[in-house]
Amino acid sequence: MALHVHPTIASLKPYSPGKPLSELERELGIGQAIKLASNENPWGPSPKALQVLEETSASLHRYPDGGAHELRQAIAKKWQMPQDQVLVGNGSDEIISLLIKTFLAPGEEAVMADLTFVMYRLSVLGGHGVPIEVPLKNWAHDLSAMAEAVTDQTRLFFICNPNNPTGTMLSAREIESVLDKIPNHVIVVFDEAYYEYVRNPEYPDSLQYVREGRPVVVLRTFSKIYGLAGLRVGYGITTSEIAGYVNRVRPPFNVNSLAQEAAKAALLDEEHVTKSFAMNEAEMTFLEEGLTKLGFVTIPTQANFIYFDVGMDGAAIFDALLSEGVIVRHIRGSMIRVTIGQPTENRRFLEALEHVLPTLTKSV
């Protein structure tokens, strides 16, 4: 069969989420593997979210609320924004895809960093657009260079803050120094998946840009600190005009009923968020100190992961750790990203890393 596939789609490599723990354990013949690769909350879901899931499961024969009315209402109330300015999606990934489908015609451009959340590039190419990738500067977005890359063909401008995979943060001063330079025909997308983990007081209040009526979208998720990655639910807050256009292409029932109910409960569980934040900060310090003792250079992070330089082939480190039942993420070159886990997981990671280093060092 001769399939006719668009050349751009044919050239793409599918996103690799990594193997599930059970499959890895089966292949390697090991038990109790740990996964520190996907920036999940190691403390699990909000207990309040878990409580409502059993109640919701009794109505699974019914379609979910197609407009996620109550969830959008809860989000709007929390952030004191009008409900018609709230978008929800099957993860914030879906909202990214919907923005591209709505505002990016084939051949038009989207500006982004060259080392950031990979789904921006994949989604733009999947929509037959042109990703304009601007190199990072000191492991962070080079906003001035990104602003200079904007042309008459630019439609979207992605800012991942804190940035994945580097964990670096852009301050309000840095954002505002270039925001006015970006023309109004460009929608600025602030992807704030790790918003709840930020400790730096200079972090921007991006919702204020929405309140000012600027063409911006602020994306957040229930997959990280809220611990609902398996339910896939994210949201965006934007102008009513942008939301209105996106809703024209948003598929009905795109957020399932379990996700809607769990997300509403998790949004109110401030105790779980506070605990997760505190444990992340404590274990971040432990991991950074451990990696430094092993001679590695870590990039200061404002998220729930650490990006560090192993000074050798990162793929070799990844494979060696995998054989020890420890899953991390090799990004490119000598750089590895490790999710901050529970204390036992972090200790095991450091022990495994120390164990494989002598062999790898000799082979270099």
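Of Lys78/Lys264; Lys78/Lys101; Lys13/Lys224; Lys101/Lys137; Lys48/Lys224; Lys35/Lys264, which sit over 18 Å apart, Cα to Cα? As for pairs spanning more than 18 Å Cα to Cα, those are Lys78/Lys101; Lys13/Lys224; Lys101/Lys137; Lys35/Lys264. Assign one of three labels to region 1-137, namely rounded, prolate or oblate, based on the Cα gyration tensor with a ≥ b ≥ c the square roots of its eigenvalues; rounded applies when a/c is under 1.5, prolate when it is not and a/b is larger than b/c, and oblate otherwise. Taking the square roots of the gyration eigenvalues as a ≥ b ≥ c, region 1-137 is oblate. How big is the gap, in Å, between the Cα center of region 344-358 and the Cα center of region 124-196? The distance from the Cα centre of region 344-358 to that of region 124-196 comes to 35 Å. Taking other residues whose beta carbon is less than 14 angstrom from the beta carbon of Glu94, and scoring Lys, Arg as +1 and Asp, Glu as -1, yields +2. Straight Cα distances below 18 angstrom link Lys275 to the aspartates and glutamates Glu40, Glu196, Glu283, Glu345, with same-chain residues fewer than 8 positions distant left out. What the Kirkwood sum gives for region 31-84 is a hydrodynamic radius of 14.6 Å, with every pair of different alpha carbons counted. Close amide-amide hydrogen proximity is noted between Thr221 and Tyr235, each under 5 Å apart and 5 or more residues distant or on a separate chain (H modeled in the peptide plane; Pro and chain starts excluded). Based on the alpha-carbon gyration tensor of region 178-283 and its eigenvalue square roots a ≥ b ≥ c, which shape applies: rounded if a/c is under 1.5, prolate if not and a/b is larger than b/c, or oblate? Because a/c hits 1.5 or more and a/b fails to exceed b/c, region 178-283 counts as oblate. Rounded to the nearest 10 degrees, the angle from helix 257-267 to the longest Cα principal axis of the chain is 80 degrees.
Per the Kirkwood formula applied to alpha carbons, region 218-364 shows a radius of gyration over Rh ratio, Rg over Rh, of 1.09. Projected onto planes of every orientation and averaged, the convex hull of the alpha-carbon atoms in region 47-269 covers 11.6 nm². Computed over region 190-249, the Cα gyration tensor eigenvalues convert (square root of 5λ each) into semi-axes of 22, 18, 5 Å, ordered from largest to smallest. Here is how the number arises for the chain: DSSP H runs of 4 or more residues each give -39500 (n - 2.57), the sum is divided by the residue count, and the result at 222 nm is -12500 deg cm²/dmol. With K and R counted +1 and D and E -1, the other residues having a Cβ less than 12 Å from that of Arg214 yield a net charge of -3. Look at the alpha carbon pairs under 8 Å that are at least 6 residues apart: their mean separation over the length of region 47-269 gives a relative contact order of 30 percent. Take 232-238, 51-57, 181-187 and order them by the average number of nearby Cβ atoms within 10 Å per residue, most first; the result is 232-238, 181-187, 51-57. With a 10 Å cut-off between alpha carbons and a GNM built on the chain, which of Ser22, Ser144, Ser46 moves the most? Fluctuation is largest for Ser22.
We did not get these values from a lab; they are worked out from the coordinates using the rules stated. Every value quoted in this text rests on a predicted model; they were computed, and no experiment measured them. Here the Cβ is made from the backbone with ideal geometry for all residues, glycine too, and neighbour counts use every protein chain on show.
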